[in-house]
Amino acid sequence: MDLTPLTQWLDTSSRPFIISGPCSAESEEQVMETARKIAQTGKVKAFRAGIWKPRTRPGAFEGVGLKGLRWLRRVKEETGLLTAIEVANEKHVYEALKYGIDILWIGARTSVNPFTVQEIADALSGVDVIVLVKNPVNPDIDLWTGAIERISKAGIKKLGAVHRGFSTFEKTMYRNQPNWQIPIELRRRIPGLPILCDPSHIGGARKFIYEISQKAMDLNFDGLIIESHIDPNHALSDAAQQITPETLSEILSRLVLRSPNPADPKLLDELGELRQQIDVFDDHLIELLEQRMQIADKIGIFKKRNNITVLQSARWDEIISKAILKGQEKGLSAELIDTVFKAIHQESINRQIRIINNGIDVNKAD
Ligand code: PEP
Ligand code: MN
């Protein structure tokens, strides 16, 4: 996807770009004290605070509203930090711009709705401000890229994405499922678009912030947005996931930053050689898959001739348990074998169903 002109507003050489501050602005004292302590760490570029809060249930704290914008203006004047807030409609955009907010983000409950995203895009038309688009709550990459595209079409050049995980019905360790393959796919679709990770909303608990942040750094994310509060336990929203500015500083110092490409040419050579070996094996895997599918097709023709059903559950159970055992002997996880074999099996079934119904040569079909 081409989003030119995309201006690089974030210095990738001083990765990670850190945004931090409370989930919600609660009082002038809380905002100012958190901001001062965050600025003292010397590691944070921008101060975040929710002014209008989208809450799951009515009756919860819904943000301080307009007066919070004055506090953020003070933060900027007194600490020099950039300021960032969530905008969920055109009125929020106009108010934020009036108060000189530097970074506007579109929240996960807003990026799901193209009507609202378009309303925000229209309000941003011709404005020079940084806009970050959080992923929608559901794992739909097209909806995410669509929202980014709408903002880009409004003329916003300083764009970024925020990965904050995805809702699931199942109970999982994290509050929101990371599905890391989705932000990786986003990077592939829009190269050059900065991507930040929000470990606070992915993890939902303080104890996960470090491990998720480190994972994001290993996947070469450009920055992090982390919730912090001077008194996290008494925060009016998201208390379990907020950390003190001191803990923030400690976590940021512990992060190990690996370079996407080693600067030393010798190391680059070595890495290149290993990558070539991987390419050879990947080619080999593709050839093997092709051969395996040819056999599956032959079986499909046999089943058609002899009026046998495509799916034979008992046979399949046997294949997968044997493969998992064999894989374990070779140090391959049951999860890997299960995922790969299920995908291969599904493909074989799809091909056989087409053969049985049409008798066509699947390689030449479509
Ligand atoms: C937030 O950043 O406080 C927030 C509401 O995030 P999200 O939109 O990711 O839930
Ligand atoms: Mn929050």
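The values are calculated or read from the model by the stated rules, or taken from the named source; none is laboratory data. None of the values given here were measured: they were computed from a predicted structure. Glycine gets a Cβ as well: all are built from the backbone with ideal geometry, and neighbour counts include every protein chain shown. Accessible surface is based on the protein model in full, side chains and every heavy atom, while ligands, DNA and RNA are left aside. Shrake-Rupley method; radii C 1.70, N 1.55, O 1.52, S 1.80 Å.
Some observations on this one:
- Estimated inter-spin distance, Glu62 and Gln276, nm [label 7 Å along Cα→Cβ]: 6.4 nm
- With 10 Å bins beginning at zero, the pair-distance distribution over Cα atoms of segment 160-228 amounts to 22, 55, 21, 2 %.
- Derived value for segment 187-313: Kirkwood hydrodynamic radius 19.6 Å. Basis is the mean of 1/r over every pair of different alpha-carbon atoms.
- Extension gain for Phe302-Asn220 works out to 24.6 nm (0.36 nm per residue, less the C-alpha to C-alpha distance).
- Per-atom-type breakdown for segment 124-185 gives carbon and sulfur 52% of the accessible area (1.4 Å probe, protein chains only).
- At q = 0.15, 0.16, 0.27 Å⁻¹, base-10 log of I(q)/I(0) for segment 1-79 (Debye sum, equal scatterers on each alpha carbon): -0.65, -0.71, -1.21
- Apportionment of accessible area to carbon and sulfur, segment 42-102, percent (1.4 Å): 49 percent
- Taking 37 °C and 0.692 mPa s as conditions, segment 265-357 diffuses translationally at an estimated 212 µm²/s according to Stokes-Einstein applied to its Kirkwood radius (Cα pairs).
- DSSP assigns beta bridges within segment 12-254; of those with both partners inside it, close to 5 percent run antiparallel.
- Scaled radius of gyration (Cα, divided by 2.2 N^0.38 Å) that segment 128-266 gives: 1.11
- Element breakdown for segment 265-357 at a 1.4 angstrom probe: carbon and sulfur atoms account for 59% of the accessible area.
- Average accessible surface area per residue within the chain, 1.4 Å rolling probe, Å²: 53 Å²
- For segment 287-332, the Cα-based Rg and Dmax, in that order, read 13.6, 41 Å.
- Potential lengthening of the chain between Met1 and Ala240 amounts to 82.3 nm, from the contour at 0.36 nm per residue minus the alpha-carbon distance.
- Cα centroid separation - segment 1-25 against segment 42-92, whole Å: 17 Å
- Inverse mean reciprocal Cα-Cα distance (Kirkwood Rh) of the chain, Å: 23.4 Å
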